[in-house]
Every structure is written in structure tokens, then in C-alpha cells.
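Engineer: Here it is, the structure, as C-alpha cells.
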Amino acid sequence: MDFEYIRKINYYETDRMGVVHHSNYIRFLEEARCTWLEQAGIPMELLEKNGITIPTLEINVKYKYPVTSGDTISIKPKIDNFNGARMNISYEVIDLKTGNVVIDAKTMHCFTNSELAPINLKKYNTEFFETFSKIVG
């Protein structure tokens, strides 16, 4: 499923140098990921209602090009690997004005029940497993 999340940078998200503070990119990735899953028919609220959480295990970000207040970025998440127990997502993050790559980012996640015990969606909830399988890049 092709998905693009467009986000305008707010002044309060910048640092003293006038560029987006590095910590905000983590939020931007989560906003894009949650909106993407919602549009795919598996919003976080529905997953949690069914006793499923998706903790983040790892985040890897390489900062390539600065953006500042008023700039607009495009975030395109893509599942690189999904086996029902874990998934890896990569993100294409582009400055829409310049076309420059802003960051190279990847996140790693697992699936757990509401008590945070690891689960495999293939066994725990086949409907969600099938939906995730359909959006694998």
C-alpha cells in the first residue's frame, strides 16, 4: 500500500539553530506510522481494543538535510520485513521544497498482548496478520 504523510514543520519544533530538533523526528515517524495503519484499516485503537500493542524496539536515524519552521516534509513508511512476531519499517523522508532526503530512518517493532508478552499475529489474530501481510512493501 503506497502511503504518503505530509507534515508542515511548526516553529516550536525547531531548536536554537532554527532547524528541527533531532528528537522531533521520532514523533514525526510515529505520526506517519499511526496514520498509515489507520488508513490501512488497523488503527492503534482497534489493535489495543483487541489486546495487541506494537512496542518500538529500535530506532535508527541518520540526519541528512536540515528543515526549519514552515518547511513541509513527506514521510513514506514501508514495511521491509514482517513475520507476525516482528516488523521492520523504513521511512523515506523528503523536503518537498528542495527534494532533499531529510533523514534515513528505520524502526523495529514487535507485537505483544496487553500484558506486553510477545505474540505472533499469525496465531493470535489471523485477520490482523492478513491485513499487515497485505501492506508489506
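Nothing in this text is a laboratory measurement; each read-out follows from the coordinates by a stated rule. Computed from a prediction, not measured in an experiment: that's the story for all the values here. Here the Cβ positions follow ideal geometry from the backbone for every residue, glycine too, while neighbour counts run over all protein chains shown.
Engineer: Could you tell me the distance between the Cα centroids of the range 1-24 and the range 51-89, to the nearest Å?
Structural biologist: Rounded to whole Å, the Cα centres lie 14 Å apart.
Engineer: For a quick check: with amide H placed at 1.01 Å from N, whose amide H comes under 5 Å from residue 71's, ignoring anything fewer than 5 positions away on the same chain?
Structural biologist: 9
Engineer: Still on this structure, I have one more. Could you list the residues of the range 110-135 with an amide nitrogen less than 15 Å from a label point located 7 Å from the Cα of residue 59 in the Cα-to-C-beta direction?
Structural biologist: 110
Engineer: Over the Cα atoms of the chain, what radius of gyration and what Dmax do you get, in Å?
Structural biologist: Using the Cα atoms of the chain, the pair Rg, Dmax is 15.8, 49 Å.
Engineer: Which peptide among 7-16, 27-36 comes first, and what is the full order, when sorted by highest mean count of other Cβ atoms within 10 Å?
Structural biologist: 27-36, 7-16
Engineer: Any of 8/49; 8/76; 8/134; 62/123 with alpha carbons more than 25 Å apart? Name them for me.
Structural biologist: In this structure, 8/49; 8/134; 62/123 exceed 25 Å between Cα atoms.
Engineer: What residues qualify as long-range amide H neighbours of residue 119, i.e. H under 5 Å apart, gap of 5 or more or another chain, H built at 1.01 Å from N?
Structural biologist: For residue 119, whose amide H was placed from the backbone, the distant partners under 5 Å are 111, 112, 113.
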